[in-house]
Amino acid sequence: MSETFVQVPFDAPVPEGINHCAFVFIFGWKKLYEHYEDPSMTPERKNAFYPVVVLGMRWDGHLGAIGGKVDKGETAEEAVCRETDEEIAQELEVEDLRPLISHQSATMRLDAFMYDLGTSSLNNLRYLIADATEAEGAISELTPVIAHLCDYGNGQGWGNLRGSNMLSTMVAEELDALRKFMVENQPEGAIVAY
């Protein structure tokens, strides 16, 4: 039987005696198709920014965000930075994290943050993935993947990811919150749906 989680205010205190975990969704807008050799692709689509997020294929076969348990004496933000370095060899700064959403059950608190890569080049994602293979927790804890958050129509992209059974209920809700934020704050020249 699974636990029941409810959304709680991000700044709500964490009750004594429950597990506290923190995660980060590293996201950005990338010109995924600028070098794509498909004559049927319009220039608008070829030069558009598409929403993407770094997820991890976890040891249990589910996709999730980067992160884990908050250690005693550590803030959720510090835990995210430590876990990100351990799992994908990326050094994040606490001040660059933005609160996304928090959920809590009788035994666990989950705090999810966002980290914005902006509209940097696609190469930045390639380097991130290459660096991640050298991380302390690479493969044993998770394998990083880049997920498309664009709705390509006919259930492709976002629709397929969101409807898959590879996401836990909480990760799905966190991704819903992330995609909502991205749609509301998309850069000029972005495409979020066809």
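The values are calculated or read from the model by the stated rules, or taken from the named source; none is laboratory data. From a predicted model like this one, the values you see are computed outputs, not experimental measurements. So basically every Cβ, Gly included, is an ideal-geometry build from the backbone, and we count neighbours across all protein chains shown. These area figures cover heavy atoms from the full protein model, side chains too; ligands, DNA and RNA do not enter into them. Shrake-Rupley method; radii C 1.70, N 1.55, O 1.52, S 1.80 Å.
Selection within the range 23-75: residues that are open to solvent by 60 Å² or more (accessible area, probe 1.4 Å) and small (Gly, Ala, Ser). The member of this set that is farthest from Thr169 (Cα to Cα) is Ser40. I'd like to know if the range 9-25 contains one or more residues that are aliphatic (A, V, I, L, M) and either closer than 30 Å to Ala190 by Cβ or free of Cβ contacts under 8 Å to residues at least 12 places away in the same chain (or both). Yes, some residue in the range 9-25 is aliphatic (A, V, I, L, M) and either closer than 30 Å to Ala190 by Cβ or free of Cβ contacts under 8 Å to residues at least 12 places away in the same chain (or both). Which members of the range 86-96 meet the condition of being at pLDDT below 95 and not in a loop (DSSP other than H, G, I, E, B)? Within the range 86-96, Glu86, Glu87, Ile88 meet the criteria. If the condition is being open to solvent by 60 Å² or more (accessible area, probe 1.4 Å) and out of contact with any Cys (no Cβ under 8 Å at 6 or more places or on another chain), then the range 83-109 contributes Asp85, Glu95, Asp96, Arg98, Pro99, Ala106, Thr107. When Tyr36 is tested against the conditions (1) touching a Phe, Trp or Tyr at 6+ places or on another chain (Cβ under 7 Å); (2) aromatic (Phe, Trp, Tyr); (3) without any contact (Cβ under 8 Å) to a residue 12 or more places away in the chain, the lone failure is (1).
The residue of the range 110-162 that is most open to solvent (accessible area, probe 1.4 Å), among those that are touching a strand residue (DSSP E or B) at 6+ places or on another chain (Cβ under 7 Å), more than 21 Å from Lys69 (Cα to Cα) and among the charged types (D, E, K, R), is Asp116.
Only one entry of Glu91, Glu136 meets the criterion of being without any contact (Cβ under 8 Å) to a residue 12 or more places away in the chain and in contact with an Asp or Glu (Cβ under 7 Å, 6 or more places away or on another chain), and that entry is Glu91. The lone criterion from (1) assigned to a helix (DSSP H, G or I); (2) of a type in the set (Val, Ile, Thr); (3) farther than 13 Å from Val24 by Cα left unmet by Val52 is number (1).
Filtering the range 26-67 to residues that are farther than 24 Å from Asn123 by Cβ and out of contact with any strand residue (DSSP E or B) (no Cβ under 6 Å at 6 or more places or on another chain) leaves Pro39, Ser40, Trp59, Asp60, Gly61, His62.
As a summary of the residue check, Glu74 satisfies the conditions (1) touching a residue at least 24 places away in the same chain (Cβ under 8 Å); (2) in contact with a helix residue (DSSP H, G or I) (Cβ under 9 Å, 6 or more places away or on another chain) except for the one numbered (1).
For the range 163-194, filtering for residues that are buried (at least 17 other Cβ atoms within 10 Å of the Cβ), among the β-branched types (Val, Ile, Thr) and either at pLDDT 95 or above or part of a loop (DSSP other than H, G, I, E, B) (or both) leaves 2. For Glu78, the conditions (1) open to solvent by 10 Å² or more (accessible area, probe 1.4 Å); (2) not in a helix (DSSP H, G or I) all hold with the exception of (2).
Kindly indicate whether Val14 is assigned to a strand (DSSP E or B) and at pLDDT 95 or above.
So Val14 does not fit the description; no.
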